[in-house]
Amino acid sequence: MKRYLVAYASETGNTLMLAKEIHNAINCPKDEKELVDIRSWNGTLDAELYFIGFWINRGSCSLEIIDLISSLHGKNVAFFGTCGLGDSYEYHKMLEQNARAWLAEDNNFLGSFFCLGKMPVEIRNRYESLRGNCGDVQIDFMLSMLDDAASHPDNQDLLQVRLFTDEMLIKAENYTAAYI
Ligand SMILES: Cc1cc2nc3c(=O)[nH]c(=O)nc-3n(C[C@H](O)[C@H](O)[C@H](O)COP(=O)(O)O)c2cc1C
């Protein structure tokens, strides 16, 4: 069994950036940690602490991620992810709650980290092309959200996710120590 597993779903690479950063930030011998793309997940890997990462698609995570989350029992678990449509505490909390709904009560949930992640330029172009055809105020709003996300994840996000990783590792240690 590994000590740490960083499993992620990433369509365009944003969440992968966070996953790599977390994996690098875990300071332990190489054979105690693993970075896994959820698409190659076969259910055989096991760990004490799971960092589970995903991108937000229509407000939720993918079925593969849901399968992984709901298969866990008696584990330390943290979530991370990237989203394109909102950078507020409330929005991130909602994303956490949506994913947490799949996590069994016998796990120890440690926390979550979300940041903005740029969307493909085709999506911006599609919104641009709608100008004049339907509510321009809404289109401007969507375009401004896409523009906000366009430079993320940035160095500041990567620094924050490193701090988050340290915090999760300490929490997991304290939790484990309390039960030995
Ligand atoms: C088809 C599609 C649907 C999306 N739906 C949402 C959404 O509902 N909420 C949101 O905040 N971001 C949404 N996004 C933005 C992505 O979650 C964001 O760009 C993310 O960083 C992509 O991560 P990845 O590069 O790891 O795949 C969507 C993006 C695409 C392409």
Within region 30-79, restricting to residues that are part of a helix (DSSP H, G or I) and charged (D, E, K, R), the one that is surrounded by the most Cβ atoms within 10 Å (Cβ to Cβ) is E64
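Yes/no per residue for (1) modelled with pLDDT under 95; (2) farther than 22 Å from D157 by Cα:
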position: E11; (1), (2): no, no
position: I22; (1), (2): no, no
position: A25; (1), (2): no, no
position: W55; (1), (2): no, no
position: L68; (1), (2): no, yes
position: L72; (1), (2): no, yes
position: T82; (1), (2): no, no
position: D87; (1), (2): yes, no
Among D106, D87, D148, which is the only one that is surrounded by fewer than 20 Cβ atoms within 10 Å (Cβ to Cβ), assigned to a loop (DSSP other than H, G, I, E, B) and touching a residue at least 40 places away in the same chain (Cβ under 8 Å)?
-> D87
Restrict the check to region 155-163 and report whether at least one residue is crowded, with 19+ Cβ neighbours inside 10 Å, among the β-branched types (V, I, T) and at pLDDT 95 or above.
-> yes
N76 versus (1) within 16 Å of the ligand (Cβ to nearest atom); (2) within 27 Å of M1 (Cα to Cα); (3) touching a residue at least 24 places away in the same chain (Cβ under 8 Å): which is the lone unmet condition?
-> (1)
Tally of residues being away from the ligand (no atom under 13 Å from the Cβ) and within 16 Å of G111 (Cβ to Cβ) across region 4-20 | 2
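The values are calculated or read from the model by the stated rules, or taken from the named source; none is laboratory data. These numbers were taken from a predicted model, which means no experiment stands behind them. Cβ coordinates were reconstructed from backbone atoms using ideal geometry, including for glycine residues, and neighbour counts include every protein chain displayed.
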